Amino acid sequence: MRREIAVSTDAADEAGRPPALSADAAGHPITLPTEPAGRRAMPAEPAGTRIAVSTDAADEVRRRVLRDLHDGLGPSLAAVALGLRAARHLLGHDPASAGPLLARLEEEVHHAVGEIRRLAAGAYPAELARLGLAGAVRAHVATLADRHPVRVDVQVAGTLPELPVAVQVAAYRIVCEALTNVVRHAGARHCVVRLWCAGGLHVEVVDDGVGACPRGGDGIGLSSMRERAREVGGTWAMEHAAAGGTRVAADLPVAGGV
């Protein structure tokens with residue numbers, strides 16, 4: 001069943017942050033963690049830290065390919081698998097609805113094939129080229145909304161300015177990976193993605209679940225988000241509230257400020 005996506009472009013607060021979500025589409029109050037005291041936080045990286053350039057260029061290429069496969073194609077193909085499971089169920093109960101779903105899945109497979117080609121060519125995600133950062137995030141959320149019961153709201157403070165390609169890619173991949181953790185591990189009902197510019201690009205993904213840390217702690221997804229922020233000279237942190245909920249935040253600098 002398709003879930004509604006709420007997008008807010010209301011005025012930002014004094015810090016440039018989008019307004020907090022207060023109710024869902026039906027008017028029911030939503031309580032999401034923001035920055036309460038008593039959080040258990042993963043340490044943020046020092047400002048301006050960058051990944052050291054590997055002396056082995058081949059190893060660096062392999063790391064980049066692994067990360068892009070995990071962050072981009074991994075979630076996309078996982079969504080296709082979930083969609084095929086839903087289609088198989090529909091074929092036995094509501095065959096008429098299975099056709100449109102299978103058509104969408106076919107499109108997603110074509111997109112995945114295109115992503116493989118772009119990855120091989122070293123290009124950034126097609127969604128960013130077509131839609132810009134805010135539009136690409138909304139499109140990704142729309143894909144998740146068809147297959148997961150989590151309500152995801154996208155809040156953007158005004159219109160984002162033109163951003164460096166590297167910063168857009170880092171922000172988009174961080175959001176995608178954070179949302180993957182939410183739907184797979186958090187057990188959340190509501191999640192908010194916030195994007196705003198105030199001296200740089202700021203990204204938040206906040207959920208009301210039980211915690212999105214995969215078993216084993218700092219897995220490849222968390223390391224990937226941290227490294228993407230580092231690569232553009234930014235910082236990344238993840239916090240867990242004692243009462244439940246997780247906040248992922250990335251601050252990505254932009255030359256000259258925005």
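Out of curiosity, is G216 more than 23 Å from R67 (Cβ to Cβ), modelled with pLDDT under 85 and outside any helix (DSSP H, G or I)? Step through it out loud before you land on a result.
Working: more than 23 Å from R67 (Cβ to Cβ): no; modelled with pLDDT under 85: yes; outside any helix (DSSP H, G or I): yes.
So G216 fails the test.
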| task | Please specify each residue of region 141-175 satisfying the condition of being within 12 Å of the chain's Cα centre (by Cα) and not in a helix (DSSP H, G or I). | result | V152, D153, V154
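Determine whether V206 is modelled with pLDDT of 90 or more and either under 19 Å from L69 (Cβ atoms) or outside any loop (DSSP other than H, G, I, E, B) (or both). I'd like the intermediate steps shown before the answer.
Numbers: modelled with pLDDT of 90 or more: yes; either under 19 Å from L69 (Cβ atoms) or outside any loop (DSSP other than H, G, I, E, B) (or both): yes.
Yes: the conditions hold for V206.
Can you find even one residue in region 146-154 that is within 23 Å of V232 (Cβ to Cβ) and not aromatic (F, W, Y)? Give the steps one after another, and end with the answer.
Going through region 146-154, the residues within 23 Å of V232 (Cβ to Cβ) turn out to be 154.
From what's left, not aromatic (F, W, Y): 154.
There is at least one residue in region 146-154 that is within 23 Å of V232 (Cβ to Cβ) and not aromatic (F, W, Y).
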| query | Out of curiosity, is V232 buried (at least 23 other Cβ atoms within 10 Å of the Cβ), modelled with pLDDT of 90 or more and touching a strand residue (DSSP E or B) at 6+ places or on another chain (Cβ under 7 Å)? | reply | no
| Filtered residues of region 185-203 (kept if free of Cβ contacts under 8 Å to residues at least 60 places away in the same chain, more than 17 Å from G234 (Cα to Cα) and not in a strand (DSSP E or B)) | H185, G187, A188, R189
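Condition (residue is outside any loop (DSSP other than H, G, I, E, B), of a type outside the set (S, T, N, Q), closer than 25 Å to V206 by Cα and modelled with pLDDT under 90) applied to region 85-93: is it met by at least one residue?
Step one: filter region 85-93 for residues outside any loop (DSSP other than H, G, I, E, B), giving 85-93.
The next check asks that each one be of a type outside the set (S, T, N, Q); those that pass are 85-93.
Retained after the next criterion (residues that are closer than 25 Å to V206 by Cα): none.
Taking every residue of region 85-93 in turn, none turns out to be outside any loop (DSSP other than H, G, I, E, B), of a type outside the set (S, T, N, Q), closer than 25 Å to V206 by Cα and modelled with pLDDT under 90.
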| field | Residue match in region 196-203 (condition: closer than 19 Å to E162 by Cα, surrounded by 24 or more Cβ atoms within 10 Å (Cβ to Cβ) and either at pLDDT 85 or above or under 16 Å from the mean Cα position of the chain (by Cα) (or both)) | value | yes
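The values are calculated or read from the model by the stated rules, or taken from the named source; none is laboratory data. Keep in mind that what you see is a predicted model, and the values were worked out from it rather than measured. All Cβ positions, glycine included, derive from the backbone under ideal geometry; neighbour counts span all protein chains shown.
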